[in-house]
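Q: Here it is, the structure in full.
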Amino acid sequence: MMATTHALFGMALGAISLLVAPEFAPLAIAAGGAGGLFPDLDLAGDHRKDLHFPVYYSLAAVPALALAVLAPSVATVAGGVFLASAAVHSASDALGGGLELRPWEATSEEAVYDHFDGQWIRPRRWIRYDGAPEDLLAAAVFAVPGVLYAEPLQQAVLALLGISTGYVLVRKRLVDLGETLADRLPARVAAFVPVE
């Protein structure tokens, strides 16, 4: 799934605080968005392995959320929602495609790494690849709570949805463009460009 889809889901998760602790809603929504984005910061490293922890984030999120419910504060709410959002992001990557350069070809059997079991979880391909039309549909559904919430959240959600739409429109062409640009890099620079 797109990073924006994960962020929008995290924001929707944080919006649940409107029902139980509305005074923490802006913080929870922001923490959910940040937690939804955080695992994808490993794009520069070993993607879906370095910062994706489907089991460990989940194990950490349960007591963190319990603490946020029992003793709500800026730190407990932000921490609980951040961890829950990162957990859902990490686990839900298994619902998408694999790690291949052209995930629509469905050649990889590696979706996300499970550090607990020491193995890759296979892709389910419910959302065929990041940037697939069904990915945009999921992003739009997750955007609903944010669009219904007051400013400035609406603008942030609409911006993420706009980025998602643009990405979906150019997703497949980006691979060809990236390969063309990589072929033109000086050898010294090309040595640092990942091949997949």
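The values are calculated or read from the model by the stated rules, or taken from the named source; none is laboratory data. Values in this document were obtained by computation on a predicted structure and should not be read as measured data. Note: ideal-geometry Cβ built from the backbone for every residue, glycine included; neighbour counts use all protein chains shown.
Q: LEU65 fails exactly one of the following numbered conditions: (1) surrounded by 16 or more Cβ atoms within 10 Å (Cβ to Cβ); (2) not in a helix (DSSP H, G or I). What is the number of that condition?
A: (2)
Q: Let me ask something else about it. Identify, please: which residue in segment 36-62 is of a type in the set (Phe, Trp, Tyr) and part of a helix (DSSP H, G or I) and is, among those, surrounded by the fewest Cβ atoms within 10 Å (Cβ to Cβ)?
A: Out of the qualifying residues, it is TYR56.
Q: Also: Given the criteria modelled with pLDDT of 90 or more and either touching a helix residue (DSSP H, G or I) at 6+ places or on another chain (Cβ under 7 Å) or surrounded by 13 or more Cβ atoms within 10 Å (Cβ to Cβ) (or both), does TYR167 qualify?
A: Values: modelled with pLDDT of 90 or more: yes; either touching a helix residue (DSSP H, G or I) at 6+ places or on another chain (Cβ under 7 Å) or surrounded by 13 or more Cβ atoms within 10 Å (Cβ to Cβ) (or both): yes.
In short, yes.
Q: Among the listed residues GLY98, GLY80, GLY33, identify the single one that is buried (at least 18 other Cβ atoms within 10 Å of the Cβ) and within 15 Å of TYR129 (Cα to Cα).
A: Working: GLY80 fails: within 15 Å of TYR129 (Cα to Cα); GLY33 fails: within 15 Å of TYR129 (Cα to Cα).
After applying the criteria, what remains is GLY98.
Q: Given the options ASP93, ASP114, name the one that is surrounded by 12 or more Cβ atoms within 10 Å (Cβ to Cβ), in contact with a strand residue (DSSP E or B) (Cβ under 8 Å, 6 or more places away or on another chain), acidic (Asp, Glu) and within 25 Å of ILE16 (Cβ to Cβ).
A: Criteria check complete, one pass: ASP93.
Q: Can you find a residue that is part of a loop (DSSP other than H, G, I, E, B) and among the small types (Gly, Ala, Ser) anywhere in segment 163-182?
A: Within segment 163-182 (the criterion being part of a loop (DSSP other than H, G, I, E, B) and among the small types (Gly, Ala, Ser)), the answer is no, since none of the residues qualifies.
Per-residue answers, yes or no, for (1) within 16 Å of the chain's Cα centre (by Cα); (2) of a type in the set (Phe, Trp, Tyr):
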| residue | (1), (2) |
| --- | --- |
| GLU109 | no, no |
| ARG122 | no, no |
| ARG128 | yes, no |
| ALA132 | yes, no |
| ALA139 | yes, no |
| ALA143 | yes, no |
| TYR149 | no, yes |
| GLN154 | no, no |
| LEU160 | yes, no |
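Q: Next question. Please count how many residues of segment 1-34 are closer than 14 Å to LEU83 by Cα and either touching a strand residue (DSSP E or B) at 6+ places or on another chain (Cβ under 7 Å) or of a type in the set (Val, Ile, Thr) (or both).
A: 1
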